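Comments concern the structure below.
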Amino acid sequence: MNLIPIICILGIIIEPNTLKKTEEIINTAEGYKLTAIIPAECEEPEDSTIVYFGYTPNEFVIYLKNWQKEISVSSKRRDAEGLGNQQEDCVFILLASNGKGKDYYMIGVNPFGAIYDCMISDNGSFVQWDGDIKADVSIENWGWVALISIPFSAVNYSNTLWGIQIFKIIFNKMEIQVLSKTKNISNLQDACDLKVDFNYIKSKEKTSLLFIPSGRIERIIAANTEFIKKIGLTGRLRKGTGELVEITLFPDYSEVDVDVQDFSLERLPLNYPEKRPFFVEGGSFYQTPITLIRTRNLILPQYGLKFYSTTNKSGFITFFLDDSALKNISFTRFTYTPLNNLTLGSFGIISENNYDLISGDIFYYLKSLTTNFQGQVSKNLTNLSRLSYISITREEKPGMSLAGNYLEIDSNFISDLNTISIHFDGIKKLNGACKMTFFPKFSNYQIYVNGGIKYSKMVDKYNGDRLIQQGDFSFLIGPIPIILLFGGNIAELNYLNLENNNIEVYTVGIQYLGETWKSSTFYYSFGDYLGGSIEQYFGEIKYSFIKRLNLGGSFLKVKSTLDDFLMYQTFGEISLVIKSFFLKPYINYTIDYFTAQKNLTLNGVLLYEPKYMTGIYLAFSKKIECENNEWVSRFEKLLLKIQCGLNLNL
């Protein structure tokens, strides 16, 4: 095989080999070497990687040979959190199939063959995406190999030069290797160009039809109810790769997983990501710098219609939904990219609950300074309230990263469609941040150094009263994988309307940064908190037994003027004998010393996910409270959910 060391050459055009079969890539394609950029730049890293590109008429193929002495990996389930957070050995592909400067696909694979896939919009927002990606992975005595297939029918693409970046993470060394040298691996302006012969691709003009029927049977045992049966259907018609129509009827949006609980000093609700297929497919197309539609707020949709069309220069998407709580609503977004580093966007909402909105935004990347500029202006047509936003960010790793933004919102701008995504209106808010990351070497130890400061100020737009003034600092240092952490949070949170709204809390701790399920964290926080004092103890340990039994446990003790509780949590991800068969247990035991109440939550999910959009889920949940030294069951639920993806090429 020919080997091409392209890493230090920006703007090179890669021309993958045309293949008749996927397996031919092993013997016919040209190889490209990756180079290390973190912790230090090195064109010949000890644990090297060669990547090969090719494509058949139906799929884009990437083959990677990873020479590696030690492998750190524990995630086996698709879209596992540890793989998504890159907290284990893995390889990620960033593919801009509509050209650099547009939304791009991010596909990760680890040595166990687990896959993580998402989309990243042109403004940097991450959106869940489930592509029909296949990965054939094996661990050898010298490292591991991965053969990754991306069907052309699973991605939107245009007849133009694509952008591609590959990065590999060796977690126990905190090493990152890349295909095209960059200071910011998530920005594809520094990516290689990829030239594809579109006449060789057969699937571009094909029409595919995907049916996703789902059924759910559940019973709330504590309420002594009968079994509830629900059936839903989603149909997705795709013409080529740039047009899609999707209809959903009585969709099943039940969740079988639980969220591991946390505690927020700011006492604001958490914003959980969207996971439902109807909103996930094409989700990056309707993202704006400040989120104007939080689809998780649409909790009771009866039916919906979606259409999008995209090219290398433009994108259009529109939704229409009937929601039992929020009534009829439609929202539309259009983007235009006149230059690779410039995107213009517009967004609109029309709803039956008196909330109509228009918005415009701009994104520009200045390559010479590795800096992003974003701006947005939105107007509520119902009451003429406005939102204005501008942001500047510069990211380098290693090096210095900077960020600053200004947000101004009129009163009565927030509605039920975007609350939680936007916490406050009638405000002016200024944010700034600076972070430094370095990887010096001392003797035989690789040292991790990360320090940062943040500042935020929010005032009432009309009378100038200060609602928030907050400063944070953090400093992490240590020989990898042991990291010491120090931090502080000094804030004035006047929106709480308490007698004393001041916070001055400091944190010290230690982390063992192993792979996802071989890590631990302990920290202690103390200081002044809202008119009193606060002490917070936290510990978490995750461990992987025999590479199948991944278990974790944590404790959180908080004692302050407003809180006094102790919470134990146990969670895990257990890979059973059959491939794609998992058990996810969760236990939460909480003692509230203010109310003398004890609560026990038990949750277990048995799931089988053999292929794309297909799965069987059996979930059990039970909540118990202790009253007068007696345990009383308050809630008990049993749920069976089946979903099947049926794909037809017409």
Failed condition for residue 311, given (1) within 23 Å of residue 161 (Cβ to Cβ); (2) free of Cβ contacts under 8 Å to residues at least 24 places away in the same chain, with all others met?
(2)
Meets criteria (under 30 Å from residue 517 (Cβ atoms), surrounded by 15 or more Cβ atoms within 10 Å (Cβ to Cβ) and among the basic types (Lys, Arg)) for residue 435
yes
Any hit, the stretch 523-538, residues being closer than 30 Å to residue 173 by Cβ and touching a residue at least 40 places away in the same chain (Cβ under 8 Å)
no
Is it the case, given these coordinates, that residue 643 is within 26 Å of residue 281 (Cα to Cα) and of a type in the set (S, T, N, Q)?
yes
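Which of the residues that make up the stretch 418-434 are assigned to a strand (DSSP E or B) and modelled with pLDDT under 95?
Passing the criteria: 419, 422.
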Mind listing just one residue for me: the one in the stretch 38-66 that is touching a Ser or Thr at 6+ places or on another chain (Cβ under 7 Å) and among the aliphatic types (A, V, I, L, M) and, of those, surrounded by the fewest Cβ atoms within 10 Å (Cβ to Cβ)?
64
A careful count of residues in the stretch 329-344 that are in contact (Cβ under 8 Å) with a residue 60 or more places away in the chain and closer than 23 Å to residue 99 by Cα gives 7
For the stretch 305-326: of the residues being open to solvent by 10 Å² or more (accessible area, probe 1.4 Å) and at pLDDT 90 or above, which is farthest from the chain's Cα centre (by Cα)?
322
If the Cβ limit is 6 Å and pairs must be 6+ apart or interchain, which residue in the stretch 204-221 that is over 20 Å from residue 60 (Cβ atoms) pairs with which residue that is polar (S, T, N, Q) and at pLDDT 85 or above?
212/234; 214/643
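Kindly indicate whether residue 213 is more than 30 Å from residue 445 (Cβ to Cβ), at pLDDT 85 or above and in contact with a Cys (Cβ under 9 Å, 6 or more places away or on another chain).
yes
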Restricting attention to the stretch 363-421, report how many residues are among the polar types (S, T, N, Q), touching a residue at least 60 places away in the same chain (Cβ under 8 Å) and either closer than 18 Å to residue 349 by Cα or touching a Cys at 6+ places or on another chain (Cβ under 7 Å) (or both).
6
Selection within the stretch 38-61 - out of contact with any Pro (no Cβ under 9 Å at 6 or more places or on another chain) and β-branched (Val, Ile, Thr)
49, 50, 51, 56
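Here is a list: 226, 246. Which entry is at pLDDT 75 or above and acidic (Asp, Glu)?
When all the criteria are applied, what remains is 246.
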Does any residue in the stretch 92-106 that is closer than 26 Å to residue 82 by Cα and open to solvent by 10 Å² or more (accessible area, probe 1.4 Å) come within less than 6 Å, Cβ to Cβ, of a residue that is of a type in the set (Gly, Ala, Ser) and at pLDDT below 90 six or more places away or on a different chain, and which pairs are these?
103/121; 103/284; 104/96
Among the residues of the stretch 409-452, how many are closer than 23 Å to residue 299 by Cα and not charged (D, E, K, R)?
12
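Matching residues to (1) part of a strand (DSSP E or B); (2) among the basic types (Lys, Arg); (3) at pLDDT below 90; (4) closer than 23 Å to residue 85 by Cβ:
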| residue | (1), (2), (3), (4) |
| --- | --- |
| 118 | yes, no, yes, yes |
| 123 | no, no, yes, yes |
| 132 | no, no, yes, no |
| 135 | yes, no, no, yes |
| 147 | yes, no, no, no |
| 150 | yes, no, no, yes |
| 165 | yes, no, no, yes |
| 177 | yes, no, no, yes |
| 185 | no, no, yes, yes |
Residue 468 versus (1) within 27 Å of residue 561 (Cα to Cα); (2) more than 28 Å from the chain's Cα centre (by Cα); (3) surrounded by 15 or more Cβ atoms within 10 Å (Cβ to Cβ): which is the lone unmet condition?
(2)
Picked from the stretch 67-91 (must be under 26 Å from the mean Cα position of the chain (by Cα), of a type outside the set (D, E, K, R) and open to solvent by 40 Å² or more (accessible area, probe 1.4 Å)), the residue nearest to residue 552 (Cα to Cα) is 87
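Here's the yes/no breakdown for (1) open to solvent by 40 Å² or more (accessible area, probe 1.4 Å); (2) aliphatic (A, V, I, L, M):
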{"site": "406", "(1), (2)": "yes, no"}
{"site": "413", "(1), (2)": "no, no"}
{"site": "418", "(1), (2)": "no, no"}
{"site": "424", "(1), (2)": "yes, no"}
{"site": "450", "(1), (2)": "no, no"}
{"site": "459", "(1), (2)": "no, yes"}
{"site": "463", "(1), (2)": "yes, no"}
{"site": "486", "(1), (2)": "yes, no"}
{"site": "489", "(1), (2)": "no, no"}
Residues in the stretch 570-589: is at least one open to solvent by 30 Å² or more (accessible area, probe 1.4 Å), out of contact with any Gly (no Cβ under 7 Å at 6 or more places or on another chain), among the acidic types (Asp, Glu) and not in a loop (DSSP other than H, G, I, E, B)?
no
Residues in the stretch 353-363: is at least one within 24 Å of the chain's Cα centre (by Cα), crowded, with 17+ Cβ neighbours inside 10 Å and closer than 30 Å to residue 37 by Cβ?
yes
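Residue-by-condition table, conditions (1) part of a strand (DSSP E or B); (2) in contact (Cβ under 8 Å) with a residue 12 or more places away in the chain:
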{"site": "44", "(1), (2)": "no, no"}
{"site": "47", "(1), (2)": "no, yes"}
{"site": "50", "(1), (2)": "yes, yes"}
{"site": "53", "(1), (2)": "yes, yes"}
{"site": "66", "(1), (2)": "yes, yes"}
{"site": "71", "(1), (2)": "no, yes"}
Does the stretch 615-636 contain any residue that is of a type in the set (S, T, N, Q), surrounded by fewer than 16 Cβ atoms within 10 Å (Cβ to Cβ) and without any contact (Cβ under 8 Å) to a residue 40 or more places away in the chain?
yes
One residue from 455, 512 being within 26 Å of residue 90 (Cα to Cα), within 25 Å of the chain's Cα centre (by Cα) and open to solvent by 40 Å² or more (accessible area, probe 1.4 Å):
512
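The values are calculated or read from the model by the stated rules, or taken from the named source; none is laboratory data. Since the model is a prediction, treat every value here as computed from it, not as a measurement. Glycine gets a Cβ as well: all are built from the backbone with ideal geometry, and neighbour counts include every protein chain shown. Ligands, DNA and RNA are stripped out before the accessible areas are found, and what is left, the full protein with its side chains, is counted by its heavy atoms. Shrake-Rupley method; radii C 1.70, N 1.55, O 1.52, S 1.80 Å.
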